[in-house]
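See below for the structure under consideration.
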Amino acid sequence: MPAYLQGRHFHHVMDNILPTFSPEIPDGFAKSVAQGNPQICAQILQTDAENLWLPEELEDPIGDQRFSPLQGLIHRYPDRALLILTQRCNVHCRFCFRKLQVAHASTDMTLEQFQRMEEYLQQHAEIREVILSGGEPLLVQQDFLRHLLQHISQISGIEIIRIHTRMPVSDPLRINSELLQTLNSCACTLWMVIHVNCAAELSTAACAAIRSLTQQGIPLLAQTVLLRGVNDSLDSLLNLLQKLIANRVKPYYLHYPDLVPGTNHFRIPLEQAIELVSKLRSKISGFAIPELIVDIPGGLGKIVLQHSWATRIAENIWEFTSPLTYEKIQVHYPQSLEN
Ligand code: SF4
């Protein structure tokens, strides 16, 4: 066994945590798995490649614990707080950035825990937005979700509640009239961010679930993890983005995979990721292009990675690269006469 696989943490994770993060096949993906769709299978079926844990891969890859003043509440950015409603999830994506927390999953947030969070939110007037996350937040009891939405909406200063979910694609039949009524009971502006990684996830049932959400007037965004063998080609990304915007879902983030134990096989080189996204520029409308994001390990925040299309080469002279032809042209922008 290589030296980097012999550490105490490796054995702790392999013996105690990863066995409980066993594959789950949600109803929305079952048909694709049965048909052996490689893009879906790669996301949810366990492989031997997961046994490789590199020293750079972390139990808490984006530093949630450092910004968690209360269990289940993460306050990293001043104006927003994230609540983990449950650690349960119906998918168990093999690359999940909360893989080790989801693996410990057993209990949902209790009413008492939420009351402590409510007090925290009331005491922090700078918080304008609350993000409901997990695990899969839409797995919690409907009456508890309704209670949360109503109580958070009543906190002075909170304007937006954002739900991060994979449910519209993983189990679209759960986006039913009862859930829609619950979401409708929210007095704050509600946004939803759907985790979706390939066009095959947007089945007929998933598109119907998405339509029912848009018909409620809920703005929808998509977040996607850039995964080798799933969506790391121009064609696969374009298929996904075209299908998203056709269904009124705005692509928001394309996440470079976090340094999660046993996920090295999912990462393509960073420079390749930047180049891939730059090629989208001439292939699809600008509003359909997500931002390529990296969460700095340790919790120091997200950054956008971009191809550089412009270089300043002299006073008021810039060199631009055409996204259509990749020609470089120099452009002189005369100084404003008012300066
Ligand atoms: S749906 Fe989200 S929380 Fe659930 S396993 Fe996938 S990445 Fe993790």
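Within region 70-92, the set of residues being on the phi < 0 side of the Ramachandran plot and within 16 Å of the ligand (Cβ to nearest atom) comprises 74, 82, 83, 84, 85, 86, 87, 88, 89, 90, 91.
Annotation note: Cβ proximity below 6 Å between a residue of region 166-185 that is within 11 Å of the ligand (Cβ to nearest atom) and a residue that is among the aliphatic types (A, V, I, L, M) and modelled with pLDDT under 95 (sequence gap 6+ or interchain) occurs for 166/91; 170/91. Applying the criterion of being more than 7 Å from the ligand (Cβ to nearest atom) and of a type in the set (A, V, I, L, M) to the residues of region 93-112, the residue that is surrounded by the fewest Cβ atoms within 10 Å (Cβ to Cβ) is 111.
In region 128-158, what residues are polar (S, T, N, Q) and outside any loop (DSSP other than H, G, I, E, B)? If you could, list the steps in order and put the result at the bottom.
Our first condition is that a residue be polar (S, T, N, Q); within region 128-158, this holds for 133, 141-142, 150, 153-154, 156.
Those that are polar (S, T, N, Q) and outside any loop (DSSP other than H, G, I, E, B): 133, 142, 150, 153.
Here is a yes/no grid of residues against (1) over 30 Å from residue 36 (Cβ atoms); (2) among the hydroxyl-bearing types (Ser, Thr, Tyr); (3) surrounded by 17 or more Cβ atoms within 10 Å (Cβ to Cβ):
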position	(1), (2), (3)
214	yes, yes, no
217	yes, no, no
235	no, no, no
246	no, no, no
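Checking each residue in region 254-269 for being in contact with a strand residue (DSSP E or B) (Cβ under 7 Å, 6 or more places away or on another chain) and either of a type in the set (Val, Ile, Thr) or farther than 15 Å from residue 234 by Cα (or both) picks out 255, 256, 257, 258.
When 163, 152 are checked against the criterion of being closer than 19 Å to residue 102 by Cβ and within 23 Å of the chain's Cα centre (by Cα), a single residue qualifies: 163. Residue pairs whose Cβ atoms lie under 6 Å apart, sitting 6 or more positions apart in sequence or on different chains, and linking a residue in region 72-90 that is assigned by TED's automatic domain parsing to the domain that holds residue 114 and without any contact (Cβ under 8 Å) to a residue 24 or more places away in the chain to a partner that is more than 10 Å from the ligand (Cβ to nearest atom) and of a type in the set (Asp, Glu), are 74/64.
Here is a yes/no grid of residues against (1) more than 28 Å from residue 61 (Cβ to Cβ); (2) in contact with a Cys (Cβ under 9 Å, 6 or more places away or on another chain); (3) within 16 Å of the ligand (Cβ to nearest atom); (4) not assigned by TED's automatic domain parsing to the domain that holds residue 39:
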| residue | (1), (2), (3), (4) |
| --- | --- |
| 215 | yes, no, no, no |
| 221 | no, no, yes, no |
| 224 | no, yes, yes, no |
| 227 | no, yes, yes, no |
| 238 | yes, no, no, no |
| 252 | no, no, yes, no |
| 264 | no, no, no, no |
| 267 | no, no, yes, no |
| 281 | yes, no, no, no |
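Of everything in region 125-145 that is more than 25 Å from residue 196 (Cβ to Cβ) and buried (at least 16 other Cβ atoms within 10 Å of the Cβ), the residue that is nearest to the ligand (Cβ to nearest atom) is 144.
Could you tell me whether residue 170 is assigned by TED's automatic domain parsing to the domain that holds residue 130, over 12 Å from residue 222 (Cα atoms), modelled with pLDDT of 95 or more and in contact with a helix residue (DSSP H, G or I) (Cβ under 8 Å, 6 or more places away or on another chain)?
Taking the combined requirement at face value, the residue satisfies it.
Got at least one residue in region 44-67 being free of Cβ contacts under 8 Å to residues at least 40 places away in the same chain, in the same structural domain as residue 154 (by TED's automatic domain parsing) and within 16 Å of the ligand (Cβ to nearest atom)? No, the conditions are met nowhere in region 44-67. Number of residues in region 159-199 that are touching a strand residue (DSSP E or B) at 6+ places or on another chain (Cβ under 7 Å), assigned to a loop (DSSP other than H, G, I, E, B) and surrounded by fewer than 22 Cβ atoms within 10 Å (Cβ to Cβ) equals 3. Taking each residue of region 120-142 that is assigned by TED's automatic domain parsing to the domain that holds residue 85 and looking for partners that are acidic (Asp, Glu) and within 16 Å of the ligand (Cβ to nearest atom) with beta-carbon atoms closer than 7 Å, six or more apart or interchain, yields 140/108.
The values are calculated or read from the model by the stated rules, or taken from the named source; none is laboratory data. These numbers were taken from a predicted model, which means no experiment stands behind them. Methodologically, a virtual Cβ is constructed for each residue, glycine included, from the backbone with ideal geometry; neighbour enumeration extends over all protein chains shown.
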